[in-house]
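Worksheet: one structure, shown below.
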Amino acid sequence: MAHPKPQQPQQPTMLSFARDLPNLCSLAGLLCAVLGIYYAILGNFPAAIIGVLWAVLFDWADGIIARQMKGRTDHHRAFGGQLDSLIDVVSFGVFPAIFLLSYGKFSPWFLPGAFLLVAASVIRLSYFNIFGLIDDKTYMGLALDNNVIILAFVFLFEGFIDHTVFSIILYALLMVFLALNLAPVRTPKFDGKWFCALMIYTLVLTGIYGWILWDRV
């Protein structure tokens, strides 16, 4: 008499993970990054900066929410980690590449830099997905989100400098970031206690860039 085969556990659907609160937060960050890319293509750089700043804020928030939630399965944690990493490629790899290209008026001279920015982001995140942190509070190389946090501040001075000169400064700055992202140096991981500082920074710069946009109307 044949014995019935034991039933395999039902595989969860893809959208079941999208309903997870930390993943919803990650997707909100992706939306902000896509909006930032959209406005960068249009040449509306203040709006693009606002979008990517909020992408950083949501990127930090999803990890904080995930650590506070109880009852999440190993599958939820693994899916969330992969989702976060892929979104980081868009927010901190594709966005700065498009931003650089658009500010350089899509000149072919800016294509190598755009490629290197995306390549560096996927190399760094692939490395991080395998090796993780050096310890609980230390990264290998500069974290990608720091690039756009600093970029948002530097771009405040764009209006005081000739466009051609600033495009060279922007190009050079992003290449420095790229080198630091891949450098074998230890950098601190800014944990949850810095989230309030990031929120204030995001709100203040959103206000400043919003005022710049209003002034242009």
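The values are calculated or read from the model by the stated rules, or taken from the named source; none is laboratory data. Computed from a predicted structure; not experimentally measured. No Cβ is skipped: glycine too gets one built from the backbone with ideal geometry, and neighbour counts run over all protein chains shown. Each accessible area value is taken on the protein alone, full model and side chains, heavy atoms only, with ligands, DNA and RNA left out. Shrake-Rupley method; radii C 1.70, N 1.55, O 1.52, S 1.80 Å.
With R₀ fixed at 35 Å, the C-beta to C-beta distance from Ala183 to Gln11 puts the FRET efficiency at about 0.30. The structure shown yields semi-axes √(5λ) of the Cα gyration tensor in Å, and of the options [x] 35, 19, 18; [y] 24, 22, 17; [z] 26, 19, 16 that calculated value carries the label [x]. The share of accessible area on the chain that comes from carbon and sulfur is 71 percent, using a 1.4 angstrom probe. If the chain linking Asp135 and Met175 were pulled fully straight, counting 0.36 nm for each residue of separation and taking away their Cα-Cα distance, it would gain 11.7 nm.
Taking 0.36 nm per residue of separation and subtracting the Cα-Cα distance, full extension of the segment from Arg67 to Lys193 would add 44.0 nm. Per residue, the average separation of C-alpha pairs within less than 8 Å and at least 6 apart gives the stretch 119-217 a relative contact order of 43 percent. What do you get for the angle between helix 144-154 and the principal long axis of the chain? Use alpha-carbon atoms, 0 to 90 degrees, nearest ten. Relative to the chain, helix 144-154 is tipped by roughly 20 degrees.
Shown here: the stretch 79-161, whose C-alpha atoms stretch 41, 24, 20 Å along the first, second and third principal axes, sorted largest to smallest. Sort the stretch 136-217 into rounded, prolate or oblate with this rule: let a ≥ b ≥ c be the square roots of the eigenvalues of the Cα gyration tensor; rounded if a/c is under 1.5, and if a/c is not under 1.5, prolate when a/b is larger than b/c, oblate otherwise. Oblate is the answer for the stretch 136-217, as a/c is 1.5 or above yet b/c matches or exceeds a/b.
For the residues Ser102, Ser85, Ser126, a GNM of the chain with alpha-carbon springs under 10 Å puts the largest fluctuation on Ser126. Surface calculation, 1.4 Å probe, protein heavy atoms: Leu53 sits at approximately 0 Å² accessible. Per residue, the accessible area of the chain comes to 59 Å² when a 1.4 Å probe rolls over the protein heavy atoms. Ordering Trp214, Trp194, Trp60, Trp54 by accessible surface, largest first, gives Trp214, Trp194, Trp54, Trp60; the 1.4 Å probe counts only protein heavy atoms, with every chain in place.
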